[in-house]
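Structure first, commentary second.
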There are 2 protein chains.
Amino acid sequence: MSQNVYEPHNHSHCVDHAIDRARSLCEQRGARLTKVRLRVLELIWQSHKPMGAYELLAILAQEGFNPAPPTVYRALDFLLDLGLVHRLHSLNAFVGCNHPEDQHPACFFVCEQCGKAQELAADKLQALSRQVEELLGVTVNHQLTELSGICPGCKQKALEQ
Amino acid sequence: MSQNVYEPHNHSHCVDHAIDRARSLCEQRGARLTKVRLRVLELIWQSHKPMGAYELLAILAQEGFNPAPPTVYRALDFLLDLGLVHRLHSLNAFVGCNHPEDQHPACFFVCEQCGKAQELAADKLQALSRQVEELLGVTVNHQLTELSGICPGCKQKALEQ
DNA sequence: ACGCCTTGTGTTATATTGTTGCAATTCTAT
DNA sequence: ATAGAATTGCAACAATATAACACAAGGCGT
Ligand SMILES: [Zn+2]
Ligand SMILES: [Zn+2]
Ligand SMILES: [Zn+2]
Ligand SMILES: [Zn+2]
C-alpha cells in the first residue's frame, strides 16, 4: 500500500521519486525519456488529481510545444506502455503510478469532490483475476478497478458549511 | 454468479428475463419504460457484446426514431439510473445487467477477441470497497472493475488456425 | 564523417463520443 | 379541464481520440 494522498505530505518527494524512477526505468528498458515525455510526466505529477489529455495539451502549448493532440497522446502512450502512468477511463484522465517497476492491475479511489486519486495495492485484485480465470476458463490480460466517493477532507469541509 | 456467456445457451431466455425484470422494476419504481427506452434495452440485450451509443443510435435512426444523440443518451441515462444497464468505460459501451434489483458494484470480464462481456458476482469487490473505506477513511459511492483478456472460445479458434 | 535505419516529431484533417439549451409535446394528477 | 412534471424534438456544440503522411533527429556500423 502506498501513502495516503488525502493526508498532508511533502509532495515534492512524490514528484522527485516519480521522475527518478522514470529515468532509471527508461534507461533500464532502453527507452528515451524525451523533453515532451518528461514534461508530460511532470505535469501529471504536479498533483494527485488525474489530468485530461487536453488539459495537458493546453499547458504544453503555452510552453512552446507543438499544440496538436498527437503530441500529448503520443507522450501518454509512451508513459502508459512503460507503466509510468495509469489511465482512468471513467474520467478520461491520466495519473502517475507510484510503483511502475512491476506490472500490476490498477486500482484507484478517486474523490468525487476534490478529484484526488489514491492508488491502492492490489493483492486482492490479483486474486480476483486468478479466480475469474478459473471460473470462466479465460485468460486475463488487463484489469482496472475504479472506485469513487468522498475523501475525509471533503467530508470535513462539507460538515463545516 | 450468473451463467457463463461464453458457453452456448438459449439467449432468448436472457432477453426475455431482462425485459420482464425491466418492466416490473419500472412499475415498482414508478418509472416509465417508453418506446425508445425499451427499444434501447432490447438492442443492448441482442447479444452479450457491449454496444456503443452511436451504434445504438444508428439502429434507432433506421427504425424511425429521432436520429439525434440525445435520444440515445437520454435512454441510456434512464437505464443506467435504474441499474438496467452498466457502462463499460474502457470501451465506451453499454451492456445489460442481469440482476438490476439490488445495487451492486459492477465487475465485468470482456473478451478482447469476440467482445462478449460476462458480469461477475462481486462479493470480493464489496469486501474491497469496505476495506478501502476503512483504510482511507473515505466513503465509496461507485465502483467498477473491468477485466479483459481472451475467452475459451477464442482461445480455441486461435489454436485451430 | 558517411549512409542507413529506426524512432520520434510536425502538421493537417477527421473520427468518435458526449453535452447544452430551449421549444414542443405528452403524460399525470388534481 | 388544467396546471405541473416528465419526456421528446431539434439544433448546435464540446470534448476526446485517431489517421495519414512528411520531416527531423538520434543511433549504429562502416
Ligand atoms: Zn504527493
Ligand atoms: Zn500503478
Ligand atoms: Zn445470453
Ligand atoms: Zn449488474
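Descriptive notes on the structure:
- Considering the conditions (1) within 16 Å of ligand 2 (Cβ to nearest atom); (2) more than 30 Å from A:Gln28 (Cα to Cα), A:Gln131 is excluded by exactly one of them, (1).
- Pair list, Cβ < 7 Å and 6+ apart or interchain, from the range B:50-69 residues that are modelled with pLDDT under 95 to residues that are in a loop (DSSP other than H, G, I, E, B): none
- In the range B:124-139, the residues that are surrounded by 21 or more Cβ atoms within 10 Å (Cβ to Cβ) and either more than 7 Å from chain A (Cβ to nearest Cβ) or more than 20 Å from A:Pro152 (Cα to Cα) (or both): B:Leu125
- Some residue of the range B:70-85 being facing chain A (nearest Cβ under 10 Å), under 15 Å from the mean Cα position of the chain (by Cα), open to solvent by less than 20 Å² (accessible area, probe 1.4 Å) and within 16 Å of B:Leu144 (Cβ to Cβ): no
- Pair list, Cβ < 9 Å and 6+ apart or interchain, from the range A:2-16 residues that are within 20 Å of A:Cys107 (Cα to Cα) and assigned to a loop (DSSP other than H, G, I, E, B) to residues that are away from ligand 2 (no atom under 13 Å from the Cβ) and among the charged types (D, E, K, R): A:Val5/A:Lys116; A:Tyr6/A:Lys116
- Residue check for A:His142: in a loop (DSSP other than H, G, I, E, B) and within 14 Å of chain B (Cβ to nearest Cβ): no
- Among (1) within 16 Å of ligand 1 (Cβ to nearest atom); (2) open to solvent by less than 60 Å² (accessible area, probe 1.4 Å) - the single one A:Asp16 does not satisfy: (2)
- Test result for A:Gln113, of a type outside the set (Asp, Glu), touching a helix residue (DSSP H, G or I) at 6+ places or on another chain (Cβ under 7 Å) and either open to solvent by 20 Å² or more (accessible area, probe 1.4 Å) or facing chain B (nearest Cβ under 8 Å) (or both): yes
- Residue selection: A:Glu7 satisfies the criterion of being within 14 Å of another protein chain (Cβ to nearest Cβ) and either of a type in the set (Asp, Glu) or within 16 Å of ligand 4 (Cβ to nearest atom) (or both).
- Scanning the range A:90-107 for residues that are within 13 Å of A:Leu76 (Cβ to Cβ) and either open to solvent by 50 Å² or more (accessible area, probe 1.4 Å) or facing chain B (nearest Cβ under 10 Å) (or both) yields one hit, A:Asn92.
- Residue in the range A:66-74 that is farther than 19 Å from A:Leu91 by Cβ, away from DNA strand D (no atom under 16 Å from the Cβ) and not acidic (Asp, Glu) present: no
The values are calculated or read from the model by the stated rules, or taken from the named source; none is laboratory data. Quick caveat: nothing in here was measured; it's all calculated off a predicted structure. Cβ atoms come from the backbone with ideal geometry, glycine included; neighbour counts cover every protein chain shown. These area figures cover heavy atoms from the full protein model, side chains too; ligands, DNA and RNA do not enter into them. Shrake-Rupley method; radii C 1.70, N 1.55, O 1.52, S 1.80 Å.
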